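The structure appears below as structure tokens.
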There are 2 protein chains.
Amino acid sequence: MSRESLLVACAVPDASMAEAACARQVQLTKPPGSLGALEHVAVQLAGLQKTRTPAVDRVWITVFAADHGVATEGVSAFPQAVTGEMVRNFADGGAAISVLARTLDATLEVVNLGTMNDPGELAGMKRAWIAPATANFCEAPAMTDAQLAAALGAGQASVRRALAAGTELFIGGEMGIGNTTAATALAAAVLGEPASALTGAGTGLDAAGIARKQRVIERALARHAHVRGPLEQLRCLGGFEIAALVGAYVEAAQAGLPVLVDGFITTAAALVAVRLRPDARPWLLFSHCSQEHGHASLLWALEAEPLLDIGMRLGEASGAAVAVPLLRLACALHNGMATFAEAGVSDSAASVTRVQA
Amino acid sequence: MSRESLLVACAVPDASMAEAACARQVQLTKPPGSLGALEHVAVQLAGLQKTRTPAVDRVWITVFAADHGVATEGVSAFPQAVTGEMVRNFADGGAAISVLARTLDATLEVVNLGTMNDPGELAGMKRAWIAPATANFCEAPAMTDAQLAAALGAGQASVRRALAAGTELFIGGEMGIGNTTAATALAAAVLGEPASALTGAGTGLDAAGIARKQRVIERALARHAHVRGPLEQLRCLGGFEIAALVGAYVEAAQAGLPVLVDGFITTAAALVAVRLRPDARPWLLFSHCSQEHGHASLLWALEAEPLLDIGMRLGEASGAAVAVPLLRLACALHNGMATFAEAGVSDSAASVTRVQA
């Protein structure tokens, strides 16, 4: 993805379609507002998809996998070999996101951007190899300019494949041992927060492990304290899969494709995408609040109100996948319910008159 | 339902199957606990269904409809005719729960226990007529002994039909203008709480309407202050549909059929069911926290942690229906994911060794 690509304006949601959807919601046979967030979702999707009948039947999920130089600092509960092993597990259909995608009848694409433990070519996996891992950002920028461009471009290319397949909703996911460390460092730099405010347990560190991870992030933030701007912060503190997510989100927003954001790491990518292109924000729906410590702060910074809060913290796009049925039901209700007039049901105005009489 | 039926012990969940499910969750290719509540749901269903492969494919939803004498006090934003009109809307397929049941491929049964506006016999609707409405409980007990028994029996009969159809999960819903008033009065009596602690907006009252409703509930609580025991409180302050839900929940627990509880009114019924038979509690899963003011207190009293909190407040079993896909995905993940050994993925123990070395 070229830097010029980031200068392209995002698509503009159709406000009149969203207004028409609002008007319809009030006419459906239920107390106004009683479907809660499902009403907001239907209205938002109507505006984004520029239609009276929003739908998310065709869902595309891309999981971007990559390894992180900072993993050598001992910041994860799992060994680095797991990234490549999990790429194979995705391809074999045994991972959580594999099961979820099958159950939801969603397309699952796995893009390997570079893993220390190389699973090689696999059926059902795209190879967009950049390097076995980023550099350890405690000592150097995580990526070169060329590597950043390649990662952004891999995300952009994935969304273009999704668009060509007629996708109605794009979901990005990630796999990379050490990537909560990268996402935390990146988000802390972008938000100007201390590491202590955002550092969490990741895949399952104990208190000593979290303290160690926080010190690693503090070293990284000190090393790159001079870095300014979200793109350069992404290059110095991000990861290949995080940059790919940024590229994917920007491309989706430019193309007018709604995105459902997953958990902590994808929200860090969404934060960078929105700092790069504020007009990308309307295209991002938020699926869940992860149990990862810093996620609520990132959601708050994006003024995002996710649908679910069920203690998930897996990544892989799993939280977003679990929220897909809620979006589908929101669309089914919006499109399929009868209005008061169609059903011959009295609305509340009749009652107001009666009670006041 | 006879009073003797309430003396029958509930089924006992299979603790060894729940333990086996726990052990399996730790072996699946994800950090332990990272699927959050979805892990708990799978483990709970394994114990309830006494199986290694829990499933909620065959879902049965019964909506019990009935009118309330207390509606004449002006406690709802909607006119009383809406109860019967909505029964017709359920049968015609235009209501929220009609759309949800279709989309989820769930069986929807509508049981009319008595409405002021009688829609008559309708295809797809069961008639279990008790009376056009309960008595106004500000002035008299809501039900006679015979009416209470009939309502409990209607719920019991519905669950028996569900069992005969091979149902894996039972959901009860309700429709009845004025029934948040009945549920609030009943719950306040059972919990010994003042009306002010539990009274909410129902279908959409403004502040003056809520104050009026609270005074009505206070009159009812004063009128029946001498009443002791959950069954007699149900008779004096409940409604036909609330009693039917109590009968359904007790029957399901006795038969060993898991139940997914919906919102405020169904939770009030669940509270009565659990006070009548504490051994019914393990069979109740909770779907969502309604926006209705008192719901959180009722959930707390039942030590219930619902899956969703998305501002819904419609009733009709709609909140439970929206949570069904989460239960299905929890089962799919539990049954379909690969273990670390199967996938050849390193687990976290390897990392602990490495980091300590």
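Per residue, chain A reaches -15500 deg cm²/dmol at 222 nm when only DSSP H runs of four or more residues are counted, each adding -39500 (n - 2.57).
Using mean Cβ contacts within 10 Å as the protection proxy, how do B:274-286, B:34-46 order, highest first? Mind showing how you got there, number by number?
Working: B:274-286: 19.8, B:34-46: 24.2.
Those peptides, ordered most packed to least, come out B:34-46, B:274-286.
Averaged over peptide B:82-95, the number of partner chain Cβ atoms lying within 10 Å of each residue's Cβ comes to 4. Peptide A:332-338 is shielded by partner chain Cβ atoms: per residue, an average of 6 of them sit within 10 Å of its Cβ. Here, P(r) means the percent of Cα pairs in each 5 Å bin from 0 to the largest distance; for region A:49-158 it is 2, 11, 19, 19, 18, 14, 8, 5, 3, 1, 0.
Across identical copies of the chain, residue B:55 has label-point separations of 2.8 nm, listed in ascending order, with the point defined 7 angstrom from Cα along Cα→Cβ. Can you tell me the orientation of helix B:179-191 relative to chain B, as the angle in degrees between its alpha-carbon axis and the longest Cα principal axis, to the nearest 10? Helix B:179-191 sits at roughly 70 degrees to that axis.
Let me check against my output: what whole-number percent is the relative contact order of chain A, with C-alpha pairs under 8 Å and at least 6 apart?
On the way: 731 pairs, mean separation 85.8, N = 357.
Reported relative contact order: 24 percent.
Straight-line reach from residue A:50: taking Cα to Cα under 14 Å and skipping same-chain neighbours fewer than 8 places apart, the aspartates and glutamates in range are A:14, A:19, A:168.
Projection of the Cα convex hull of the protein assembly as shown, averaged over all directions and equal to a quarter of that hull's surface, yields 29.8 nm².
Whole-Å semi-axes of region B:59-323's equivalent ellipsoid, largest first, each the root of 5 times a Cα gyration tensor eigenvalue? Could the numbers behind the result be given before it?
Values: eigenvalues 117, 80, 66 Å².
Those come to 24, 20, 18 Å.
Taking amide H as placed 1.01 Å from N in the peptide plane, residue B:110 has its amide H under 5 Å from the amide H of B:63, B:126, each at least 5 places away in sequence or on another chain. To the nearest ten degrees, helix B:240-255 and the longest principal axis of the Cα atoms of chain B are 30 degrees apart. Residue by residue, region A:113-127 carries 3J(HN,Hα) couplings of 8, x, 9, 4, 9, 7, x, x, 6, 9, 4, x, 10, 8, 10 Hz when phi is fed to the Karplus relation 6.51 cos²θ - 1.76 cosθ + 1.60 (θ = phi - 60°); x denotes Gly or Pro. Report, in degrees rounded to the nearest 10, the 0 to 90 angle that the Cα long axis of helix A:145-164 makes with the longest principal axis of chain A. Approximately 30 degrees, to the nearest ten. Shown is the FRET efficiency for residue B:3 and residue B:207, computed with R0 = 56 Å from the Cβ-Cβ distance and rounded to the nearest 0.05: 0.85.
Shown here for region A:287-322: GluC sites (Glu not before Pro) in loop regions (DSSP other than H, G, I, E, B) with at most 14 other Cβ atoms within 10 Å, namely A:303. The H on the amide N of residue A:134, modeled in the peptide plane, is under 5 Å from the matching H of A:67, A:68, A:69, A:240, each at least 5 residues off or on a different chain. Here's how it looks for residue A:36: its modeled amide H is under 5 Å from those of B:313, which are all 5 or more places away or on a different chain. The residues of region B:13-54 occluded by other protein chains by 50 Å² or more of accessible area, set against the chain on its own, are B:31, B:34; surface from heavy atoms, 1.4 Å probe.
Taking all protein chains in place and a 1.4 Å probe, what share, in percent, of the accessible surface of chain A do carbon and sulfur account for?
Numbers: 6360 of 11850 Å².
Answer for chain A is 54 percent, counting heavy atoms of protein chains only.
Bridgeable lysines around residue A:126 (alpha carbons under 29 Å apart, same-chain partners fewer than 8 residues away excluded): B:30. Length gain on complete extension for the stretch residue A:102 to residue A:197, per 0.36 nm per residue less the alpha carbon to alpha carbon distance? Stretched out fully, the residue A:102 to residue A:197 stretch lengthens by 30.5 nm.
For region B:316-331, 3J(HN,Hα) computed residue by residue from phi via the Karplus equation (6.51, -1.76, 1.60; θ = phi - 60°) reads 6, 6, 5, x, 5, 4, 5, 7, 4, x, 5, 5, 5, 5, 4, 5 Hz, glycine and proline entered as x.
Can you sort B:290, A:2 by solvent-accessible area, 1.4 Å probe, largest first?
Working: B:290 15, A:2 50 Å².
Heavy-atom accessible area, descending, gives A:2, B:290.
In the context of the full set of protein chains, chain B has a per residue accessible area of 33 Å² (1.4 Å probe). Per-residue Karplus couplings for region A:84-89, computed as 6.51 cos²θ - 1.76 cosθ + 1.60 with θ equal to phi - 60°, are listed in order as x, 4, 6, 4, 5, 5 Hz, Gly and Pro entered as x.
The values are calculated or read from the model by the stated rules, or taken from the named source; none is laboratory data. Small disclaimer: the values here were computed from a predicted structure and weren't measured. Note that each Cβ is placed from the backbone with ideal geometry, even for glycine, and that neighbours are counted across all protein chains shown. What goes into the accessible areas is simple: the full protein's heavy atoms, side chains included, and nothing from ligands, DNA or RNA. Shrake-Rupley method; radii C 1.70, N 1.55, O 1.52, S 1.80 Å.
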